[in-house]
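K.L.:
Shown below is the structure under consideration.
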Amino acid sequence: GELSILRTRKVYEAKKEAEKPVFEAKLKAVEKVFEVLSEKVKKIRERSDYSKIFEKLLIEALDDCEGKLNVKVSKGDRKIAEKILKEKGFEYEISETDEFVAGVEIVFLDGKKRVKNTIEARLKRAEPFLKSEAAKLLFGG
């Protein structure tokens, strides 16, 4: 009866408490994987194919754009951005920033729309999925 229920509850609580350090260690391991990935992202500009990566980010961001644009790019990406914007026939104002490592942020000059296609924004959007996948790879499931 009641004693059995109490005993089962105590066993369950003890088991849960015993599993806590293992769970926390797994969580730390997944966080570490994500930290390493974040550090690699910061070095993306050093890659030999960086200009192709930037070009892809910009072209993706321009897909939904029309009218006059305010384009913000990372320092050093202005020339390639201007080349692409001219080829695509956009009217634009361009500025450089150190707010992000790679990618582009576009604001329609009427202020109604903002497109942010930066490496950091993409990593942030993918974070839950990536952490889940890292956990599966590290611990099964």
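K.L.:
Take each of the peptides 31-39, 99-107, 14-22, 51-59, average the number of other beta-carbon atoms within 10 Å over its residues, and list them starting from the highest.
P.N.:
Order by mean packing, descending: 99-107, 51-59, 31-39, 14-22.
K.L.:
222 nm [θ] for the chain, helices only, -39500 (n - 2.57) per DSSP H run of 4+, per residue, to 500?
P.N.:
Taken over the chain, the calculation gives -21000 deg cm²/dmol.
K.L.:
Ok, one more. Which of the residue pairs LYS43/LYS83; LYS56/LYS86; LYS56/LYS124; LYS40/LYS113 have a Cα-Cα distance greater than 22 Å in the structure shown?
P.N.:
Those over the limit are LYS43/LYS83; LYS40/LYS113.
K.L.:
Same structure again: Mind checking which lysines have their Cα closer than 19 Å to the Cα of LYS16? Skip sequence neighbours fewer than 8 apart in that chain.
P.N.:
Qualifying lysines at Cα under 19 Å: LYS26, LYS28.
K.L.:
Could you tell me which helices of the chain pass both thresholds, a Cα extent of 15 Å or more along their own axis and a mean Kyte-Doolittle hydropathy of at least 1.6, with helices taken as whole DSSP H runs?
P.N.:
Sorted by number, there is nothing, because no helix extends far enough and scores high enough.
K.L.:
If I take every Cα pair under 8 Å that is 6 or more residues apart in the chain, average their sequence separation and divide by the length, what percent do I get for the relative contact order?
P.N.:
24 percent
K.L.:
Once you charge only the Cβ atoms, +1 for Lys and Arg and -1 for Asp and Glu, what is the size of the charge dipole of the chain about its Cα centre, to the nearest 20 debye?
P.N.:
Around 520 debye, computed over the chain.
K.L.:
Could I ask something else about it? Any of LYS15/LYS136; LYS112/LYS136; LYS32/LYS52 with alpha carbons more than 32 Å apart? Name them for me.
P.N.:
LYS112/LYS136
Readers should treat all values here as calculations from the given coordinates under stated rules, not as data from a laboratory. Predicted model, so just to flag it, every value in this text is computed and none were measured. Here the Cβ is made from the backbone with ideal geometry for all residues, glycine too, and neighbour counts use every protein chain on show.
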